Amino acid sequence: MNRTYVVETYGCQMNVHDSERIAGLLDEAGFIPVEPGKQADIVVFNTCAVRENADNKLYGNLSFLAPIKKANPNMQIAVGGCLAQKDQATILKKAPYVDVVFGTHNVGSLPVLLERARIEEESQIEILESLEHFPSTLPARRLSAFSSWVSVSVGCNNTCTFCIVPTLRGIEKDRSAIDILSEVRALVDQGVIEITLLGQNVNAYGVDFGDRSAFANLLKECGKVDGLERVRFMSPHPRDFTDDVIEAMATTANVMPHLHMPLQSGSNSILQSMRRSYRTDRYLGIIDRVRTAMPHAAITTDIIVGFPGETESDFQATMDLCTQARFAAAYTYQYSKRPGTPAASMPDQVSPEVVGERYTRLHNHQQAISLSVNEEAVGRNFKVLVGDYEGRRDEAQERMTGRSEDFRLVHFSNSIEARPGDEVEVSITQASAHYLIGTPGKVRATRGGDAHAARTAEKKSAATLLGMPTLKV
């Protein structure tokens, strides 16, 4: 009765969205989220396999839970996600006290597997090699009342030599536009005013049914949804980026002027070794066309440093491209050898010392670029959507936080009355490499703010009633 749970998430936005589904399934099964600071009866790890530190983090946390589990045999631990799909039985060899191991293709099986493990008193492993059913058909506990993710596809058809995700999530499977738009409208009816379309390769959407215009058309259809104020998407692949998507971004009022498009390397020879099916001229051409159509669009990217065979010249090409592209932000990663990927067995692996030194140089270089880009915003006004977790009042620092239309982090005085989900017009006065600072002006109460306020009131009401005796008829 009233067993509690917590879901720990590692990895990308797709994993975070999967965790919303996991929480929804556990809610439906009768479990309740654990109160902050208390030990949950059920701990679920939704894992990532893209970088080695995710492995280390999982096994470190499992070791921490071992004595807690020993002291409370009724506690259950489940491991799912990409690392579970990859390691499978290895997890139980390293942590035999784990109760359930489930993969990326059968998230919906978790409640049944937990019950089976409880009854049979032995660990359960269920890893499917193909998708059981599209995750969006499962219930969800949304992290935010006003901003939501919507999956347009799962899986990936690319064969990047550094990436194990296609092996773990399978080939691309697209949802129908009717299903996607139905979910969007249902979320808007609940008070959501911002959605982010998700896919491993989001702009390849339509490959299942042979329509190269499908993603651009989907953006335009989202523009017709009454009450939907902000539309975002991630992450697109430069190979599949078409001009009709740029046109849809520029002409659809609620599609935001922000493009996150992974570069990975500024060297054509390294892009070839990575099996990234574009070259730098195509990448820069897309950026140029986006900025021509939307002069104030913010461009962000992902970059891998130290890929096998990367020379100083290759690395310098990445530095030079960052200078040319003027990214608002770049999420930089040190190459991590992943067993099972072609890159793991490539010759000329770069030493950790060289990778670390290059990573620091690129980080510092991009910091200076980001600062320069953000300084150009000083004196401009931005419409900022006050954040849920980011947007709580901070009396000590006397500021609130939210995201601009181009997805930049903006801090401003908490002297105004604005709720998470409301929109504030902010005049930018200062800039750093990571955020903007401004003076708040007009506040617009939104349906999203109403939805957040209603959810907060509901939580307070539930907390008040917690533990009260009830009568069964």
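A few comments on the model shown:
- Considering Asn201, Asn217, Asn157, the condition of being closer than 20 Å to Val255 by Cβ and either among the hydrophobic types (A, V, I, L, M, F, W, C) or open to solvent by 30 Å² or more (accessible area, probe 1.4 Å) (or both) is satisfied by Asn217 alone.
- Screening Lys173 against (1) charged (D, E, K, R); (2) open to solvent by less than 40 Å² (accessible area, probe 1.4 Å); (3) within 27 Å of Asp87 (Cα to Cα) leaves a single unmet condition, (2).
- Residues of the stretch 189-217 satisfying the condition of being touching a residue at least 24 places away in the same chain (Cβ under 8 Å), more than 19 Å from Met14 (Cα to Cα) and assigned to a loop (DSSP other than H, G, I, E, B): Gln190, Gly191, Ile193, Arg212, Ser213
- The listed residue being in contact with a Leu (Cβ under 7 Å, 6 or more places away or on another chain), farther than 28 Å from Tyr435 by Cβ and surrounded by fewer than 21 Cβ atoms within 10 Å (Cβ to Cβ), out of Arg279, Arg275: Arg279
- Within the stretch 3-52, the set of residues being crowded, with 20+ Cβ neighbours inside 10 Å and of a type in the set (Asp, Glu) comprises Asp18, Glu20.
- Conditions (1) more than 20 Å from Ala325 (Cβ to Cβ); (2) touching a His at 6+ places or on another chain (Cβ under 7 Å): number failed by Ala253: (2)
- The stretch 407-430, residues that are charged (D, E, K, R) and in a strand (DSSP E or B): Glu423, Glu425
- Residue count for the stretch 78-103, restricted to those that are among the small types (Gly, Ala, Ser) and either surrounded by fewer than 22 Cβ atoms within 10 Å (Cβ to Cβ) or farther than 19 Å from Arg21 by Cβ (or both): 2
- Scanning the stretch 220-233 for residues that are open to solvent by 30 Å² or more (accessible area, probe 1.4 Å) and not small (Gly, Ala, Ser) turns up Lys220, Glu221, Lys224, Asp226, Glu229.
- Residues of the stretch 106-122 that are open to solvent by 10 Å² or more (accessible area, probe 1.4 Å), in contact (Cβ under 8 Å) with a residue 24 or more places away in the chain and under 19 Å from Lys173 (Cβ atoms): Val107, Gly108.
- If the condition is being part of a helix (DSSP H, G or I) and either within 13 Å of Gln264 (Cα to Cα) or open to solvent by 10 Å² or more (accessible area, probe 1.4 Å) (or both), then the stretch 315-329 contributes Phe315, Gln316, Ala317, Thr318, Met319, Asp320, Leu321, Cys322, Thr323, Gln324.
- Test: residue in the stretch 173-187 that is modelled with pLDDT under 85, assigned to a loop (DSSP other than H, G, I, E, B) and more than 19 Å from the chain's Cα centre (by Cα): no
- Against the list (1) of a type in the set (Gly, Ala, Ser); (2) in contact with a Ser or Thr (Cβ under 7 Å, 6 or more places away or on another chain); (3) assigned to a helix (DSSP H, G or I); (4) loosely packed, with under 15 Cβ neighbours inside 10 Å, the condition Ala343 fails is (4).
The values are calculated or read from the model by the stated rules, or taken from the named source; none is laboratory data. These numbers were taken from a predicted model, which means no experiment stands behind them. Heads up, the Cβs are rebuilt from the backbone with ideal geometry, glycines too, and the neighbour counts pull from every protein chain shown. Quick note on the areas: whole protein, heavy atoms, side chains included, nothing else; ligands and nucleic acids left out. Shrake-Rupley method; radii C 1.70, N 1.55, O 1.52, S 1.80 Å.
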